[in-house]
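The values are calculated or read from the model by the stated rules, or taken from the named source; none is laboratory data. Just so it is clear, the model here is predicted, and its values are computed rather than measured. Because the Cβ atoms are built from the backbone with ideal geometry, glycine has one as well, and the counts that use them run over all protein chains shown.
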Amino acid sequence: MNQRERMMEELPYKAWLDGLSEDRMENKLKIYDYNLLRPDQLEKMDKMIKDIIGRTGENIFIEQPFHCDYGKNIEVGNNFFANYNCTILDVGKVIIGENVQFAPNVSIYTAGHPIHPKSRNSGYEYGIKVTIGNNVWIGGSAVINPGVNIGDNVVIGSGSVVTKDIPDNVIAVGNPCRVIREITDADRKYYFKDREFDVDDY
């Protein structure tokens, strides 16, 4: 098993061997070009981001600047939006469902290093898959750590550091991120805290 295969199997691997450095450089050049596009070059943006991301649905948009390691290890469903400064370290797979929104500065880290200094200094690292369900909103400057699964219909509060799985239909916030309550039908009439919609088409 070579280092690329070890990486994708979530085993310890060395990131500079077996063509991995070259893969990252190839993606960095694509990202560089994407981030330098004019904001009115929407068709070109759409084409380029679909070349960077491994698998995409329809109607996806990622604001510049955007950064990722490989790109091809990311999958996103229909109606995906990521605001400015999204960073995805896709050493492991990152699977994102449909109707997902990221606020600015959201970071997803599948990559990690051993805790013990001697093990860490050996050069081995790892990547553990992150999954995000459907209809999820992740607040600004949230960090999602390796191995986390976020369920459907979840809201992650701004500045949260998500270190453990989050179940469906909840609001979760904090460092470390914790569930604070369920989302219920009673929430539907509000657009912000106790402010009710003044329109009927929501």
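Return the residue satisfying two criteria in turn: it lies in the range 22-46 and is under 19 Å from Ile88 (Cα atoms) and charged (D, E, K, R), and of such residues it is surrounded by the fewest Cβ atoms within 10 Å (Cβ to Cβ). Here the answer is Glu22.
Of the residues making up the range 125-137, none is among the small types (Gly, Ala, Ser), on the phi < 0 side of the Ramachandran plot and loosely packed, with under 15 Cβ neighbours inside 10 Å.
Go through Met25, Met7 for me and flag whichever is touching a Phe, Trp or Tyr at 6+ places or on another chain (Cβ under 9 Å) and in a helix (DSSP H, G or I).
None of the others qualify; the one that does is Met7.
Quick one: is Ser119 of a type in the set (Gly, Ala, Ser) and under 23 Å from Arg6 (Cα atoms)? Yes; evaluated as a whole, the condition is true for this residue. Annotation note: of Asn59, Asn78, the sole residue that is in contact with an Asp or Glu (Cβ under 6 Å, 6 or more places away or on another chain) and modelled with pLDDT of 95 or more is Asn78. State yes or no: is Asp165 surrounded by fewer than 15 Cβ atoms within 10 Å (Cβ to Cβ) and either of a type in the set (S, T, N, Q) or touching a strand residue (DSSP E or B) at 6+ places or on another chain (Cβ under 6 Å) (or both)? Against the criterion (surrounded by fewer than 15 Cβ atoms within 10 Å (Cβ to Cβ) and either of a type in the set (S, T, N, Q) or touching a strand residue (DSSP E or B) at 6+ places or on another chain (Cβ under 6 Å) (or both)), Asp165 qualifies. Restricted to the range 9-21, and to residues there that are free of Cβ contacts under 8 Å to residues at least 24 places away in the same chain and surrounded by 15 or more Cβ atoms within 10 Å (Cβ to Cβ), the residue that is farthest from Tyr70 (Cα to Cα) is Asp18. The number of residues in the range 41-68 being under 17 Å from Thr131 (Cα atoms), among the basic types (Lys, Arg) and either outside any strand (DSSP E or B) or in contact (Cβ under 8 Å) with a residue 60 or more places away in the chain (or both) comes to 0. Considering the range 67-97 alone, what residues qualify as being crowded, with 20+ Cβ neighbours inside 10 Å and hydrophobic (A, V, I, L, M, F, W, C)? The answer is Cys68, Ile74, Val76, Phe80, Ala82, Cys86, Ile88, Leu89, Val91, Val94, Ile96.
Taking Asp201 as the residue in question, decide whether it is at pLDDT below 95, assigned to a loop (DSSP other than H, G, I, E, B) and surrounded by fewer than 17 Cβ atoms within 10 Å (Cβ to Cβ).
Answer is yes for this residue.
When Gly97, Gly92 are checked against the criterion of being farther than 18 Å from Arg24 by Cα and out of contact with any Cys (no Cβ under 9 Å at 6 or more places or on another chain), Gly97 stands alone in meeting it.
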